[in-house]
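K.L.:
Mind looking over this structure? Questions follow.
Derivation of every value follows stated rules applied to the coordinates shown; laboratory data play no part. Note that the coordinates shown come from a computational prediction; the quantities given were computed from them, not determined experimentally. Note that each Cβ is placed from the backbone with ideal geometry, even for glycine, and that neighbours are counted across all protein chains shown.
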């Protein structure tokens, strides 16, 4: 089932799933907006789908919070699209993603201690 | 969908996002969407899903982005306000005055004119009137048989209920009191949909013969006379020699057609419940209310009422003589309640609207002035990437913040002024009790504040031209573009024009009021006091007893050395009690078959009435103690009646009759008096001696040597000496009645005058402020001109010309519009033409003078420029 995520301003508080997925998408390298959308789609096996209308609102917040920055270096001209900007995960962004990962793992451990298990996916 | 169309639709939705967000990310969003669209097109339903998710994303993102910008702008606006406290305070205060006035007056317009009546189905509530125009009676009222017939025969009306008003003595609580009593059908309040505040209203059993007598109190009476005591239900009082029990209290509501103290069912009224009255089709006393049935129009009901009236005329010719031309029509109660107040309230609303425009124009000019000082700051921000739309949005936010704070202050001012305004409106309509600051009024106020903020916030941006960076390229600091200066001049001219309209309207009304004060009312109003003495119908059931009481009362009163003269009368000028209108015939004259019967206003008075009231005797004699029940009837008429019916000779010696059998001789002619209002023409009036035509309801009128109020306790004692159970009511001096009759004109004129003066002050301040800025900006130019030999007089002339040119245009425009629009005031002016040249000239002079005074400061500043110092600074 495809669903849209709500965005919220990232801070020391827990990140929304949409924000977290964008940070994860940038974790292995700089990307432009469309590539981020594709990566999120791939990482979640199609369960999450960021639209253009949502993504750039998230990116603006991440830029404002310093978790992401625009990069000036661009790929080779034959691979470049001048309309696109490339985004880079900063150290703060990395730390925020790390903190969120640890928080989610701790939550998962609590759930498992209560005998909750992952269900096998049927589709 | 084609790519071009798809792009247009996407652009449409992108407009939901803030302009700078679109500027920043718009191209990327479009590009990414196109890529997604190519991929989505390959799967079934993919395109639709993509559109849904894209639009949903934009719709979700837009509010938070707008809110983020709003937070930024509000923070910036707050800092700017604190940096310019003088400007901020001036703007907030001026806006508060304008918005407060509009809020207060709109609350009156809303409560009286716009809101539906506070009864379910109030918009369909009608009152029926049965008239006999050819008998000279516009309102004959209805008899019991009339009401039953209309109730049975109508298909367009439902819930027909009856009402009439009487005054009775209420005993059992302190001094005996005369109370205004509404006598109603048992289902009267059910038909109106009125639920009691305490207890219950009437039921069918209350109206049956022999049922215990019950009362329902009005809210105002209960609060005023019983302190709002919830324990009032169950208390008993004596009225009409019966014990009455209070069964309920009404909620606050506009009472129509009379302000009653209490209500009783028809079975409790000794007159209405008398078998002879019930059986007499011609015994007409009641008013009828009803509702239009759903889907029925007033016109349809009118048609049916005509048909029923015609049927009754045919069935009962004796009760509905053809010569009288009986007919019945219906009127919406809402119109009757609101029409008297409509012209004045709409005039006040127009006035406050004009004043608000002047306020906004003035604030816009202040803002333009301030904008000139901020041009470099804005230019720097534009150069750093802020778009024009972004800067405009921020300026509007700053203005809206000031406007909203001004609105809050204005609403508080309006709340404080509301009791005064309601008191003013109460003179015109009982709906004044519904004037409140409700959610509709607050929404109106908020809407006005936002519009005002938009107006004076956007104006500097419109005035500054498209190139925001231009000030950075300008040499020598501050600039004032010609465009901005033209806008300022335009605003000054507009303020002057609107101020002219306001001042002209106020001037006309005040002149009208002055003319009213100069009217000779035809009677003496100083040193005369009146009190209503309504005799109990049961204890004073015969004419003899009434005549004896009145005679004894006058004897007692005239013993008082402070009393110069005394009289009793059924009514007197400017009194709330209207005289009875009677049709008559003149002995020896025949009336044509379709000619309406002549009528007069009937007064029953004692000898000494004309002396006490200072009404001039023009011919013949006054009433004397010899005019008695057993002597031939005599009457006195006024000059109006003499001129109308005996234009060529004296009426004295002629006889008139109201029933064709009993004739009364005219023995005297008195001058006209202004009975219905100082601005109303006198009617035809006939006076009979109250020894020959006694009335249970009379007013005692006493002319005193000194302060009339000082003798009131003695007069009351004189009444109680004759009858300890006899209440007195409506104690007023005639001076206060005359003041009351002038009050609406005085209050309206004063209110408009105050608003107009305020508008004048604001306009003058605006002229001075704008001219001051112009002088400040031209300091260098003035210094250079003086160095080159220009005289001070040339400089002064230039400044004054610059200041007064927009004023002159404004005067011309204002005068032109005033000449056309003041016709709307025709209906409320008294002996003043709407285009009165003296008023218009005075207004023009006042505005020119105010403008000239406003120019003094800038002129002084201009002539104090030191040319050498200016050159050194360059």
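K.L.:
For segment B:536-725, rounded, prolate or oblate, judged on the Cα gyration tensor with a ≥ b ≥ c (square roots of eigenvalues), a/c < 1.5 rounded, else prolate if a/b > b/c?
P.N.:
Prolate, since a/c reaches 1.5 and a/b exceeds b/c.
K.L.:
Suppose a student asked you for the relative contact order of segment B:536-725, using Cα pairs under 8 Å spaced at least 6 residues apart; what percent would you report? Spell out each step's value before the answer.
P.N.:
On the way: 324 pairs, mean separation 60.5, N = 190.
Reported as a whole number, the value is 32 percent.
K.L.:
How far is helix B:46-83 tilted off the main Cα axis of chain B, in degrees rounded to 10, range 0 to 90?
P.N.:
Result, in degrees: 80.
K.L.:
Rounded to the nearest 0.05, what FRET efficiency do residue B:245 and residue B:821 have when you use their Cβ-Cβ distance and R0 = 45 Å?
P.N.:
0.15
K.L.:
Let me ask something else about it. Using Cα-Cα distances under 8 Å and only pairs 6 or more residues apart, what relative contact order does segment B:265-375 have, in percent?
P.N.:
The value is 15 percent.
K.L.:
So what is the relative contact order for chain B, in percent, with contacts set as C-alpha pairs under 8 Å and at least six apart? Show your work: numbers first, answer last.
P.N.:
On the way: 1433 pairs, mean separation 130.8, N = 874.
Here the relative contact order equals 15 percent.
K.L.:
Could you list B:610, B:600 so that the one with the fewest beta carbons within 10 Å of its beta carbon is first and the one with the most is last?
P.N.:
B:610, B:600
K.L.:
Also, quick follow-up: Nearest-5 percent of antiparallel DSSP beta bridges in segment B:536-725?
P.N.:
In segment B:536-725, approximately 70 percent of DSSP beta bridges are antiparallel ones.
K.L.:
Taking the 0 to 90 degree range and rounding to the nearest ten, how far is the long axis of helix B:837-863 tilted relative to the main principal axis of chain B, both from C-alpha atoms?
P.N.:
30 degrees
K.L.:
Follow-up question, since we're still on this one. Would you mind checking segment B:715-732 for residues with the amide N under 13 Å from a putative spin-label position 7 Å along Cα→C-beta of residue B:274?
P.N.:
Nothing falls inside the zone, counting backbone N under 13 Å.
K.L.:
Give me the one-decimal nm value for the distance between modelled label points at residue B:72 and residue B:833, 7 Å along each residue's Cα-to-Cβ direction.
P.N.:
For residue B:72 paired with residue B:833, the spin-label model returns 6.3 nm.
K.L.:
Counting only DSSP beta bridges with both residues in segment B:621-703, tell me the antiparallel percent, nearest 5.
P.N.:
50 percent
K.L.:
Relative to the first principal axis of the alpha-carbon coordinates of chain B, what is the inclination of helix B:792-821, with its axis defined by its Cα atoms, in degrees from 0 to 90 and to the nearest 10?
P.N.:
Its long axis makes an angle of about 40 degrees.
K.L.:
Something else now. What ranking do A:70, B:375 get, fewest neighbouring Cβ atoms within 10 angstrom at the top?
P.N.:
A:70, B:375
K.L.:
Right, something else. Could you work out the helix-only [θ] at 222 nm for the protein assembly as shown, with each DSSP H run of four or more residues adding -39,500 (n - 2.57) and the total divided by the number of residues, to the nearest 500 deg cm²/dmol?
P.N.:
-17500 deg cm²/dmol
K.L.:
Right, another one. Using 0.36 nm times the number of residues separating residue B:643 and residue B:558, minus their current alpha carbon distance, what extension gain do you get? Please report the intermediate quantities before stating the final value.
P.N.:
Working: separation 85, 0.36 × 85 = 30.60 nm, distance 3.54 nm.
Full-extension gain reported as 27.1 nm.
K.L.:
Taking every DSSP beta bridge with both residues inside chain B, roughly what % is antiparallel (nearest 5)?
P.N.:
Restricted to chain B, the bridges split so that about 75 percent are antiparallel.
K.L.:
Another question, then. Using Cβ contacts closer than 10 Å as the measure, can you line up B:547, B:266 from fewest to most?
P.N.:
Working: B:547 19, B:266 22.
With the fewest neighbours first, B:547, B:266 line up as B:547, B:266.
K.L.:
For chain B, what is Rg from Cα atoms divided by 2.2 N^0.38 Å, rounded to two decimals?
P.N.:
Numbers: Rg = 36.6 Å, N = 874, 2.2 N^0.38 = 28.9 Å.
My calculation over the Cα atoms of chain B gives 1.27.
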